[in-house]
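Structure first, then comments.
The values are calculated or read from the model by the stated rules, or taken from the named source; none is laboratory data. What you are looking at is a predicted structure, and each value in this text was computed from that prediction instead of being measured. Note that we place each Cβ from the backbone using ideal geometry, even for glycine, and neighbour counts take in every protein chain shown. Note: areas computed on protein heavy atoms with side chains; ligands, DNA, RNA excluded. Shrake-Rupley method; radii C 1.70, N 1.55, O 1.52, S 1.80 Å.
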Amino acid sequence: MAKGVKHVMKVGDLEFNISHEEQGLPIIRGMLLEFQPELIIEFGTSKGGFTWILHSTLPDVELHTYDLKHIAAQKRIKKHMNDNVHFHTCDILSKPLPEVLKDLCKDSRKKLLYCDNGNKQLEIELYSGFLNKDDIIGCHDYG
């Protein structure tokens, strides 16, 4: 298994590498279903395993996922997702990305911002202040 991969998830003939612990996924799915975000912003697409969890749990919710790497993996899984899943290849850590700030964080829909890129503390510092009071932030491997 690749570095950081906790397990491989299979969906039909498609395999997703995922770095989240398998036993935590039902808890995360339950929280998503309870919170019911109307927009999901994910920092750190990686191989797309957790992107698939987000999308398969709430398939009608618009999802934007950001990463600088793993472009081949993103292309491979994108064709298995709805048109409301958007993959962005860019650096979200150098400075707040105007696209995220303007188009997503100030959006009035209830949002989940999921931080799992290279520096969770910086991601929270750069973007949390632009969320609305009813939005939530999730992090993987924080601390």
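Among Ile92, Phe50, Ala73, whose Cα projects farthest towards the positive end of the dipole of the chain, with charges put on the beta-carbon of Lys, Arg (+1) and Asp, Glu (-1)?
Highest projection toward the positive end goes to Ala73.
Please calculate how many Å² of accessible area the chain carries per residue, with a 1.4 Å probe and no DNA, RNA or ligand atoms counted.
54
How do 116-124, 132-140, 38-46 rank on mean C-beta neighbours within 10 Å, highest first? Please list the in-between numbers first.
Details: 116-124: 17.0, 132-140: 14.3, 38-46: 23.4.
Ranking, from highest mean packing down: 38-46, 116-124, 132-140.
I need the phi-derived Karplus couplings for segment 89-98: 6.51 cos²θ - 1.76 cosθ + 1.60, θ = phi - 60°, integer Hz, Gly and Pro marked x.
Calculated HN-Hα couplings, in order: 9, 6, 9, 9, 9, 5, 7, x, 6, x Hz.
Near the amide H of Val85, under 5 Å away, which other amide H atoms are found, from residues 5 or more places off or on another chain, if H is placed in the peptide plane?
Residues meeting the criterion, in which the H sits 1.01 Å from N, are Leu63.
Assigning unit charges at the beta carbon (Lys, Arg +1; Asp, Glu -1) and nothing else, what dipole magnitude in debye, to the nearest 20, does segment 45-143 show about its Cα centre? Write out the running numbers ahead of the final one.
On the way: 14 positive and 14 negative charges, 52 e Å.
Taking the Cα centre of segment 45-143 as origin, the dipole is about 240 debye.
Aspartates and glutamates near Lys95 by alpha-carbon distance under 20 Å, same-chain residues fewer than 8 away left out - which ones?
Glu42, Asp67, Asp103, Asp107, Asp116, Glu123, Glu125
Assuming a ≥ b ≥ c are the square roots of the Cα gyration tensor eigenvalues, decide whether segment 37-143 counts as rounded (a/c under 1.5), prolate (otherwise, with a/b larger than b/c) or oblate. Please list the in-between numbers first.
Working: a/c = 1.59, a/b = 1.21, b/c = 1.32.
In terms of gyration-tensor shape, oblate.
Could you work out what % of the accessible surface of the chain is carbon and sulfur, using a 1.4 angstrom probe and leaving DNA, RNA and ligands out of the count?
52
Shape of segment 36-86 from its Cα gyration tensor (a ≥ b ≥ c, root eigenvalues): rounded if a/c is under 1.5, otherwise prolate when a/b > b/c, or oblate?
Prolate, since a/c reaches 1.5 and a/b exceeds b/c.
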